[in-house]
Amino acid sequence: TLRVAILISGSGSNMEALVRSMTGDHPARPVLVVSNVPGAGGLDRAARLGVPTATVDHRAFDSRAAFETALQDILTKARPDLICLAGFMRILTPTFVKRWPGQILNIHPSLLPKYPGLHTHARALEAGDTEHGATVHEVTPVLDDGPILGQIRLPILGSDTPETLAKRLLPLEHDLYARVLRRVAAGDRTRLDLSPEAKPR
Ligand code: GAR
């Protein structure tokens with residue numbers, strides 16, 4: 001059974017979807033949820049789901065390197081095979097990423113390579129895009145880069161705001177991330193493309 005650690009900074013809804021998916025014949029199990037934000041909503045959620053939690057508050061360290069050393073120590077003790085970033089809002093340095101080659105996955109709320117970084121919903125709207133979506137990719141030393149493992153697409157409506165788009169996208173993210181994690185845990189890194197209209201659950 002593969003061991004999965006999940007890194008969060010916020011509400012942890014993607015984390016919850018991943019944890020709930022890892023039951024039965026799933027090839028992986030959650031072993032640890034780590035937040036860089038003390039009191040993040042996802043910590044409570046993880047505890048209620050029975051997953052061990054830890055907090056590594058980046059503000060308590062003098063440097064990014066010191067923060068990452070503490071994070072590495074906690075992760076190393078948990079011996080994860082895979083590390084899922086789920087709304088984790090710190091940039092990881094190449095030193096950190098290279099310690100876990102091909103083992104870190106991230107979900108990003110855009111159709112990468114469009115809109116790496118922040119404010120993806122607003123940027124898609126400002127560009128006049130007719131569709132939006134989310135991407136799960138392997139983490140490499142370049143931010144929001146790395147091989148794409150899966151995408152889910154979502155039509156943009158004339159009435160959409162960044163908030164309505166984010167709200168419609170979130171449950172699709174959960175579906176995408178859980179499906180990609182299962183495939184990757186089973187050794188399948190081929191790309192998964194989902195569009196909710198064409199493929200109801
Ligand atoms: C999700 O929309 C995720 O794609 C995004 O943050 C949200 C976290 O929600 N991630 C990023 O923007 C990464 N740069 P959650 O905590 O409820 O899963």
Per DSSP, the loop-located GluC sites (Glu not before Pro) within the range 122-201 having at most 13 other beta carbons within 10 Å are 197
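Suppose accessible area is computed on protein heavy atoms with a 1.4 Å probe; arrange 177, 115 from highest to lowest.
The residues order as 115, 177, largest area first.
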Note on the range 1-160: C-alpha Rg/Rh, Kirkwood Rh, two decimals, gives 0.98
Inter-part gap, Cα centre of the range 61-83 to Cα centre of the range 1-27, in whole angstrom, is 18
So the carbon and sulfur contribution to the accessible area of the chain, 1.4 Å probe, in percent, is 56
Expressed in nanometres to one decimal, the distance between label points 7 Å along Cα→Cβ at residue 11 and residue 188 is 3.0
Per the C-alpha gyration tensor (a ≥ b ≥ c, the square roots of its eigenvalues), the range 138-201 is rounded if a/c is under 1.5, else prolate if a/b beats b/c, else oblate; here it's oblate
Taking a straight Cα-to-Cα line shorter than 20 Å from residue 77, and setting aside same-chain aspartates and glutamates fewer than 8 residues away, one finds 57, 68
Any DSSP H helix in the chain with Cα axial reach of 24 Å or more and mean Kyte-Doolittle score of at least -0.5? Listed by number, the hits are 162-185
Rounded to the angstrom and largest first, Cα extents along the principal axes for the range 52-141 equal 45, 28, 26
Under the 7 Å Cα-to-Cβ spin-label approximation, residue 1 and residue 127 lie apart by a distance in nanometres of 4.1
Expected unfolding gain across residue 55-residue 76 under the 0.36 nm per residue rule, minus the alpha-carbon gap, is 6.1 nm
Heavy-atom accessible area of residue 193, protein chains in place, probe 1.4 angstrom, given in Å² to nearest 10, is 80
Residue-normalised value, i.e. accessible area per residue, for the chain at 1.4 Å probe, in Å², stands at 48
For the range 50-201, percent of DSSP beta bridges that are antiparallel (nearest 5) comes out at 65
From DSSP H assignment alone, runs of 4+ in the chain each adding -39500 (n - 2.57), the sum over residues rounded to the nearest 500 puts [θ] at 222 nm at -10500 deg cm²/dmol
Given backbone amide H placed at 1.01 Å from N, residues whose amide H is under 5 Å from that of residue 85, ignoring those fewer than 5 places away on the same chain, are 7, 105, 106, 107
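The values are calculated or read from the model by the stated rules, or taken from the named source; none is laboratory data. Please read these numbers as outputs of a predicted model, since none were measured by experiment. Because the Cβ atoms are built from the backbone with ideal geometry, glycine has one as well, and the counts that use them run over all protein chains shown. For accessibility, only protein heavy atoms count, side chains too; no ligands or nucleic acids. Shrake-Rupley method; radii C 1.70, N 1.55, O 1.52, S 1.80 Å.
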